[in-house]
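Novice: So that we are looking at the same thing, I have put the structure below in structure tokens.
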């Protein structure tokens, strides 16, 4: 939770706006890279002669690297600072995304995607920490949501690239665009991004850094950490299964590839708007309502996708609902994650939570691929996600309840309203 001393250290509004804007640009680039794999799957699979099984490994390679990168990046950020670890991470995932486009064999493709994931993972906890520590405590969650909205917008840009005749004809063009873009942002980060004042002040008075296990599980942080991990695991499993497999599932149910790409575009655009609405709700007395509406909408969207006959119109509406709910659920978790850890261990705490989620995003595409290889229908794959939505919902509610018990009595209802 944010302390009075941390509030006093918050930077001026101009610096906060600059931090959010620059981190939004990085999130936009992350979103382009993360969703590039899904939108090029239809062209990449025949280029490398890949079936559903190898495609599942391709989808999961970058998230495997991201799982490791988030832990390492969070740890390095608490030791060296958020700014330079973020910049190094952006350089890594930009260069390796360009290298992905140059891959000529499947093992090389998997290797470049894994190494790309290391950079993506190192960037994300630093984006969250920088924005959370730069923002006024009353609008912190909205600021994190605005930053996170760059990710689905980046995914939408990638979808637009595939619909552009000059660039969409080749899968390599998508990775070239997704790789060069973050490298263009790096000079702006070097020149204009400021290190977190909270981090600099804490480093003055604290020598060294806490051990990894102590950062996560001591001083009353064990229960919130485990609940946060469960929420991230379940919701990111569902999100990345949808991001990677939704276009393929829609095509298998009769839609054309351009129609499926338009659904993916709507998924991201509507999701971007929903992330900001969720961030606003988490900063207000509507926090609990926002959580309930988000997870119920996610479950409803999956049921509709299973039960409603697939047509371009119905797929567009359902895809929009799923995008809004799935991405809003991530906004909620990214917004509340920094609150559970003090400044000196915030990078490690957020990085570990991101890693727990990425483990889910590794499992999701692989499980989907195995179900399809085993003869299960797309409806079976979607139905398997429903219990995960319920677990994520329950864990998020429990997280709010546990956190409310840890606050002073006069702050409980205002900050973490009880279910």
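Novice: Could you list all residues from the stretch 373-387 that are within 17 Å of residue 304 (Cβ to Cβ) and assigned to a helix (DSSP H, G or I)? If you could, list the steps in order and put the result at the bottom.
Specialist: Within the stretch 373-387, the subset within 17 Å of residue 304 (Cβ to Cβ) is 377-386.
Passing the criteria: 378, 379, 380, 381, 382, 383, 386.
Novice: Are there any pairs with C-beta distances below 6 angstrom linking a residue in the stretch 105-119 that is farther than 19 Å from residue 71 by Cα to a residue that is at pLDDT below 90 and assigned to a helix (DSSP H, G or I), with the two at least 6 apart or on different chains, and if so which?
Specialist: 106/48; 110/61
Novice: I'd like the full set of residues that are touching a residue at least 24 places away in the same chain (Cβ under 8 Å) and closer than 17 Å to residue 70 by Cα, limited to the stretch 215-234.
Specialist: From the stretch 215-234, those touching a residue at least 24 places away in the same chain (Cβ under 8 Å) are 215-216, 220-221, 223-225, 227-234; that's our starting set.
Residues satisfying the conditions are 215, 216, 225, 228, 229, 230, 231, 232, 233.
Novice: Let me ask you something else. Identify, from the list 163, 109, the residue that is modelled with pLDDT under 90, over 29 Å from residue 195 (Cα atoms) and out of contact with any strand residue (DSSP E or B) (no Cβ under 7 Å at 6 or more places or on another chain).
Specialist: Working: 109 fails: modelled with pLDDT under 90.
So the residue among 163, 109 that is modelled with pLDDT under 90, over 29 Å from residue 195 (Cα atoms) and out of contact with any strand residue (DSSP E or B) (no Cβ under 7 Å at 6 or more places or on another chain) is 163.
Novice: Within the stretch 367-380, how many residues are under 14 Å from residue 238 (Cβ atoms) and surrounded by fewer than 22 Cβ atoms within 10 Å (Cβ to Cβ)? Lay out the reasoning, then the answer.
Specialist: Initial filter on the stretch 367-380 (under 14 Å from residue 238 (Cβ atoms)): 367-368.
Then drop every residue that is not surrounded by fewer than 22 Cβ atoms within 10 Å (Cβ to Cβ), which leaves 367.
Number satisfying all stated conditions: 1.
Novice: Quick one: how many residues across the stretch 388-401 are surrounded by fewer than 17 Cβ atoms within 10 Å (Cβ to Cβ) and either outside any helix (DSSP H, G or I) or modelled with pLDDT under 80 (or both)? It would help to see each step written out before you state the result.
Specialist: Going through the stretch 388-401, the residues surrounded by fewer than 17 Cβ atoms within 10 Å (Cβ to Cβ) turn out to be 390-391, 394, 401.
This time we only want the ones that are either outside any helix (DSSP H, G or I) or modelled with pLDDT under 80 (or both), so: 401.
Number satisfying all stated conditions: 1.
Novice: Could you tell me which of the residues 56, 73, 69 is more than 18 Å from the chain's Cα centre (by Cα), assigned to a helix (DSSP H, G or I) and buried (at least 22 other Cβ atoms within 10 Å of the Cβ)? Steps first, answer last, please.
Specialist: On the way: 73 fails: more than 18 Å from the chain's Cα centre (by Cα); 69 fails: more than 18 Å from the chain's Cα centre (by Cα).
Among 56, 73, 69, only 56 is more than 18 Å from the chain's Cα centre (by Cα), assigned to a helix (DSSP H, G or I) and buried (at least 22 other Cβ atoms within 10 Å of the Cβ).
Novice: While we're looking at this one, here's another question. Please verify whether residue 199 is surrounded by 22 or more Cβ atoms within 10 Å (Cβ to Cβ) and either over 26 Å from residue 273 (Cβ atoms) or in contact with a helix residue (DSSP H, G or I) (Cβ under 6 Å, 6 or more places away or on another chain) (or both), treating the condition exactly as stated.
Specialist: Numbers: surrounded by 22 or more Cβ atoms within 10 Å (Cβ to Cβ): yes; either over 26 Å from residue 273 (Cβ atoms) or in contact with a helix residue (DSSP H, G or I) (Cβ under 6 Å, 6 or more places away or on another chain) (or both): yes.
Answer is yes for this residue.
Novice: Please count how many residues of the stretch 322-358 are within 22 Å of residue 260 (Cα to Cα) and either without any contact (Cβ under 8 Å) to a residue 40 or more places away in the chain or assigned to a loop (DSSP other than H, G, I, E, B) (or both). Quick ask: steps written out before the conclusion?
Specialist: Here is the first cut: in the stretch 322-358, the residues within 22 Å of residue 260 (Cα to Cα) are 322-328.
Now drop any that are not either without any contact (Cβ under 8 Å) to a residue 40 or more places away in the chain or assigned to a loop (DSSP other than H, G, I, E, B) (or both), which leaves none.
Going through the stretch 322-358 one residue at a time, the tally reaches 0.
Novice: While we're here: From the list 305, 322, 298, which residue is more than 30 Å from residue 76 (Cβ to Cβ), surrounded by 24 or more Cβ atoms within 10 Å (Cβ to Cβ) and either modelled with pLDDT under 90 or within 13 Å of the chain's Cα centre (by Cα) (or both)? Quick ask: steps written out before the conclusion?
Specialist: Details: 322 fails: either modelled with pLDDT under 90 or within 13 Å of the chain's Cα centre (by Cα) (or both); 298 fails: either modelled with pLDDT under 90 or within 13 Å of the chain's Cα centre (by Cα) (or both).
The conditions single out 305.
Novice: Identify, please: which residue in the stretch 3-46 is over 24 Å from the mean Cα position of the chain (by Cα) and crowded, with 16+ Cβ neighbours inside 10 Å and is, among those, modelled with the highest pLDDT?
Specialist: My answer is 45.
Novice: Please identify the pairs in which a residue from the stretch 75-86 that is at negative phi and in contact (Cβ under 8 Å) with a residue 60 or more places away in the chain has its Cβ atom under 8 Å from the Cβ atom of a residue that is surrounded by fewer than 20 Cβ atoms within 10 Å (Cβ to Cβ) and assigned to a helix (DSSP H, G or I), counting only partners at least 6 apart or on another chain.
Specialist: If the second residue must be surrounded by fewer than 20 Cβ atoms within 10 Å (Cβ to Cβ) and assigned to a helix (DSSP H, G or I), the pairs left are 75/212; 78/344; 83/189; 86/189.
The values are calculated or read from the model by the stated rules, or taken from the named source; none is laboratory data. Everything quoted here is computed from the prediction, not taken from an experiment. Cβ: placed from backbone, ideal geometry, glycine included. Neighbour counts: every protein chain shown.
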